[in-house]
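A quick write-up on the structure given underneath.
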Amino acid sequence: MKTHLGKRRFILLMSSILTIGLVLSSTSCASSPTATPTEPTTPTGLSGTITEAGSTSVQPLAERLADVFMQMHPKVTVTIQGGGSSVGITSADEGTVDIGAASRELKPSEPPLVKHLLARDGIAIVTPPANTVTGLTKDEVRRIFADEVTNWSQVGGADAEIIVIAREEGSGTRGAFEEMVMGEDLITSNAILQLSNGAVRTTVSTTPNSIGFLSFGYLDTSVKALAVDGVEGTVENAKNGSYPIVRPLYFLTKEAPTGLGKEFIDFCLSAEGQSIVTDEGFIPVD
Amino acid sequence: MASHVVIDRTAKLVVIICASASFVVLGAIFVFTLREGMPAFQEIGLSNFLFGTEWRPGLGMFGILPMTVGSLLVTLGSMVLAIPVGIACAILLAEVASFRVRRILRPAIELLVGIPSVVYGLVGMMLIVPLVREIGGTGFSVLSASLVLMAMVLPTIISISEDSLRAVPKGYKEAALAMGATQWQMIWHVQLPAARSGIVAGIVLGMGRAIGETMAMIMVIGNAVVMPTSPLSPARTLTGNIAAEIMYAAGTHRSALFATGVVLFLLILVLNTVATFALKRGIRSQHVA
């Protein structure tokens with residue numbers, strides 16, 4: 001009887017501890033701020049936190065830049081988040097992050113932000129390596145994605161139906177592709193949609209007769225980048241202006257940056273930062 | 001004596017708080033989703049939203065009918081595939097298999113529940129999608145999604161069905177066998193009807209998981225907003241629609257995604273009610289018979 005009672009008391013005690021713990025942890029979560037203001041630069045060295053969010057195309061580059069920046073300034077923490085270009089624009093405007101990232105031009109309907117051109121990025125048109133087609137004109141690409149051309153034989157390939165793979169509505173890569181390739185036309189609603197550059201790459205590489213578009217930074221040997229208007233999709237061709245599908249990658253701030261945020265952006269635009277841009281497969285800013 | 005009373009009251013209070021917490025959470029989710037989705041209902045119009053077939057947020061077109069149909073078809077497909085397999089498997093475990101076979105099979109099936117859905121999606125993308133592509137189409141299809149979902153809901157259906165088959169009083173079984181029924185007749189005419197309520201509960205739970213599944217669906221269904229015309233055509237589910245676009249959405253678009261959540265919420269409510277109703281009727285007719 002006594003041990004039984006002890007057990008019950010123990011269970012009660014544990015459950016009340018758990019309940020209190022839950023309540024406490026939830027309130028502490030709620031009260032912890034999502035945006036940390038940047039601390040002023042001290043003459044002895046930089047310290048504090050920078051938050052960045054936005055375009056998934058900018059994300060791998062920003063992470064690399066942040067790593068190097070944090071090595072140079074051990075007391076600084078830079079957090080990089082994805083979310084997409086639209087998230088980058090809204091977060092920078094609302095001040096939930098210090099720096100937003102966008103991989104397309106800002107629309108007139110979007111808030112006016114201070115743009116820092118970080119790099120340029122080509123968008124590659126990719127197929128599985130086995131595809132016999134090696135190049136398309138920009139107009140052919142448009143007609144394929146608009147569902148006007150539906151068979152590879154219509155563009156000089158084998159007699160096989162084209163499987164169109166695109167990104168979801170709101171993606172910066174899709175936005176830039178629509179702006180530069182589709183013009184007034186819409187991407188067919190029959191297109192298979194994948195939610196990231198990585199997922200598009202996997203899907204294209206494993207789906208015979210498929211076609212998709214990818215940020216240059218995500219190109220590897222699992223897919224084949226097609227020449228567009230006769231120009232190979234390489235960083236050099238994008239840099240000299242001959243490759244036709246190139247978009248800007250921006251860091252965005254609400255006001256002209258100050259303090260730590262300015263230091264980070266200045267570093268990204270410096271010669272050292274721009275060499276990282278090149279290493280990551282993007283096109284540096286002159 | 002006094003300490004007993006105190007403990008009793010405290011225990012009661014803790015239990016009440018915990019129980020109401022789950023109810024408050026449910027209510028809060030619904031109220032919040034509805035509040036966020038309300039502007040979309042007003043701006044787009046209820047019938048345009050529910051019965052529109054074009055979803056192009058960039059052009060201000062927000063019709064979710066293809067996705068509602070997609071969600072229902074995938075759920076239906078997975079249930080058609082999973083129910084016979086699940087019940088057969090439960091019968092095997094409860095009535096046919098030896099103790100040793102059961103000791104291996106049962107934990108293996110239960111382990112399936114613990115596999116994260118993204119892993120199911122990955123396997124589906126690499127294994128099921130190419131297989132379905134052999135039949136026709138792109139492989140990213142309602143059929144692929146149904147097959148992946150079948151694997152995901154099977155453990156639920158199997159373990160609950162098996163438990164309820166085991167819970168049938170031994171006397172039923174013995175009486176049936178004593179009257180000369182074969183083992184199959186005993187299972188079909190006695191065990192299954194007697195375990196019916198538990199089996200249906202397992203199916204309802206599995207259905208809930210199926211319609212709410214998101215990640216695995218996004219990876220294998222293709223996410224194209226088209227009205228699915230065959231098991232081989234791609235589709236988008238309501239859950240997939242929210243997950244795919246909420247990160248980008250603002251204004252009416254964001255509100256429309258919350259409104260999608262409201263529709264999903266109500267859809268699950270209706271499906272559960274219908275299933276529970278069918279279950280109750282099933283039990284009644286069973287008692288009359």
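For the reader, a short list of remarks on this structure follows.
- Residue within the stretch B:39-47 that is without any contact (Cβ under 8 Å) to a residue 60 or more places away in the chain and part of a loop (DSSP other than H, G, I, E, B) present: yes
- Hits in the stretch B:24-52 - residues which are within 14 Å of chain A (Cβ to nearest Cβ) and more than 15 Å from residue B:260 (Cβ to Cβ): B:24, B:25, B:28
- Within the stretch B:234-245, being surrounded by fewer than 22 Cβ atoms within 10 Å (Cβ to Cβ) and at the interface with another protein chain (Cβ under 10 Å from one of its Cβ atoms) holds for one residue alone: B:243.
- Checked against the criteria, residue B:222 does not count as out of contact with any Pro (no Cβ under 7 Å at 6 or more places or on another chain) and not aromatic (Phe, Trp, Tyr).
- Counted as qualifying within the stretch A:57-166 are the strands (runs of 3 or more DSSP E) with 3 or more residues that are more than 14 Å from chain B (Cβ to nearest Cβ) and modelled with pLDDT of 90 or more, namely A:76-83, A:114-127.
- Subset of the stretch A:188-244 [facing another protein chain (nearest Cβ under 10 Å), of a type outside the set (A, V, I, L, M, F, W, C) and over 16 Å from the mean Cα position of the chain (by Cα)]: A:188, A:189, A:190, A:202, A:203, A:206, A:207, A:208, A:209, A:210
- Subset of the stretch A:214-231 that is part of a loop (DSSP other than H, G, I, E, B) and of a type in the set (Val, Ile, Thr) - its residue that is farthest from residue A:280 (Cα to Cα): A:223
- Residue in the stretch A:195-206 that is surrounded by 24 or more Cβ atoms within 10 Å (Cβ to Cβ) and outside any helix (DSSP H, G or I) present: no
- Once the stretch B:171-223 is narrowed to residues that are within 14 Å of another protein chain (Cβ to nearest Cβ) and buried (at least 24 other Cβ atoms within 10 Å of the Cβ), the residue that is nearest to residue B:113 (Cα to Cα) is B:216.
- Residue in the stretch B:68-81 that is of a type outside the set (Gly, Ala, Ser), more than 27 Å from residue B:203 (Cα to Cα) and surrounded by fewer than 21 Cβ atoms within 10 Å (Cβ to Cβ) present: no
- Residue that is nearest to the other protein chains (Cβ to nearest Cβ) [pool: residues in the stretch B:246-276 that are free of Cβ contacts under 8 Å to residues at least 24 places away in the same chain and within 30 Å of residue B:199 (Cβ to Cβ)]: B:266
The values are calculated or read from the model by the stated rules, or taken from the named source; none is laboratory data. Remember, predicted model here, so these are calculated numbers, not experimental data. For neighbour counting, all protein chains shown are included, and Cβ atoms are generated from backbone atoms with ideal geometry for every residue, glycine included.
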